[in-house]
Amino acid sequence: MNGPDYYIPAAALGVALAVKLPSLRHHRHSPMTRSVCVLIATAGSAFFFAAPPTVARVNRLTGTPNFSAPLVYSLLCALSCASIVLISHWQGGSADAIRRFTRQMIGATVLVVIALFTLFALGNAPVEQPRELDTYYANTPYIREMISLFLVAHTAASVVATVKCWRWAREIPRGWTRCGLLALAVGYLADLGFSLFKGVAVVAHWAGGNLDSLNAATPVIASLAAGLTAAGFLLPVVGSRCSSAWQAWRAYREMHPLWRALEEDGARPGMKVSWWSSPELRATVRATAIADRLLELGPYFDDDYRSAVEREAHDQGGDRQEAQNTAEAAMIHRALTARASGRPGARVQRPADPDDWCTVRASGAHQLAEVSRAFREFRVAGRRPAGVAVAEGA
């Protein structure tokens, strides 16, 4: 892996942090927001400072060969800490318990970082090794202990994060959160593989062997782990938004038969939306237009007819909600026919509240979509919802 393999994800994380900073200003007291920003910042820094060109430049600027080693190790430990803290805030629970756990994690990480730099200062690593420091200095006093401490700390953090994600995922039967947690668990398992590969290569040198090929594979494993963990944190957010947009789009399309019938019957032009409008906005505008037309159609609604259709539909095996949707659709269809023919309105006195003329008028887009599906039965030749034939003859 070369510089661009590190700089591209670092730049992407930098953009993500820039996008997230405004929310940090407005929610500076939110532990979740702070945790997200710290995670993004540490991940971007780890990628940037682990890039071989940056490693060489930092070593030259500090005048200390291999100074980047404890720096990168410290950033990786901070990244592990930030990940575990974020998962704890995300999972929720007692505020005091989360705060106590967060302080423990930060305290342990600070101690590890201090120990890493102390051991590096005590050791002697004169030959710069931007890629193979772990195995090159595997038997060097103090540098050996620094490498071992990092591997133990990183392994422990990976195990803790994997167990937390796996246990939480088992408590959630389905959904985007479960998918994200499973991706995180696999990502932290890959992180564990990163530590194990490095550890085996180092131990091989202690035993007089050479398994440097394992250490050479660790950057690829680290990139895989980073991609999986990023996907794990993004899936619940992006997935739920995509699902919401898809459901809104389906509701928007399914409301079309009812909306079209009411728009064609109404005297006023319907509301327009821009082509770039979101599915949620389109569904809301269409639901609002239907509600307005139903208000105009209210004097032609027949509550007795609706009740008769609902009873018939329910008696023929439909559940309560389906029977209500069928009854609403039947009444709307009958009201449109009555207004078109100039017949007077219902046979019963109108309620004082216009919303009571049609209960679905106050419903949301998804409920209107269900009524629209039932209404479409009236637009298809030879098909009528259950109970309508009997009700029309009553």
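The values are calculated or read from the model by the stated rules, or taken from the named source; none is laboratory data. Note that the coordinates shown come from a computational prediction; the quantities given were computed from them, not determined experimentally. Neighbour counts are summed over all protein chains in view; Cβ atoms, including those assigned to glycine, are modelled from backbone coordinates with ideal geometry.
Which one is farthest from I87 (Cα to Cα), of the residues in segment 138-159 that are touching a residue at least 24 places away in the same chain (Cβ under 8 Å) and assigned to a loop (DSSP other than H, G, I, E, B)?
Among those residues, the one meeting the criterion is N139.
Looking at the structure I just gave you, is A204 under 24 Å from the mean Cα position of the chain (by Cα), farther than 25 Å from I40 by Cα and part of a helix (DSSP H, G or I)?
No, not satisfied.
Identify all residues within segment 1-44 that are aromatic (F, W, Y) and in contact with a His (Cβ under 8 Å, 6 or more places away or on another chain); write none if there are none.
Listed by number, the list is empty, since nothing qualifies.
Among the listed residues A69, A51, A125, identify the single one that is in the same structural domain as V200 (by TED's automatic domain parsing), farther than 23 Å from A12 by Cβ and in contact with an Asp or Glu (Cβ under 9 Å, 6 or more places away or on another chain).
Only one candidate passes the filter, namely A69.
I'd like to verify a number: residues in segment 83-96 that are surrounded by 23 or more Cβ atoms within 10 Å (Cβ to Cβ) and farther than 16 Å from L181 by Cα, how many?
Qualifying residue count for the region: 0.
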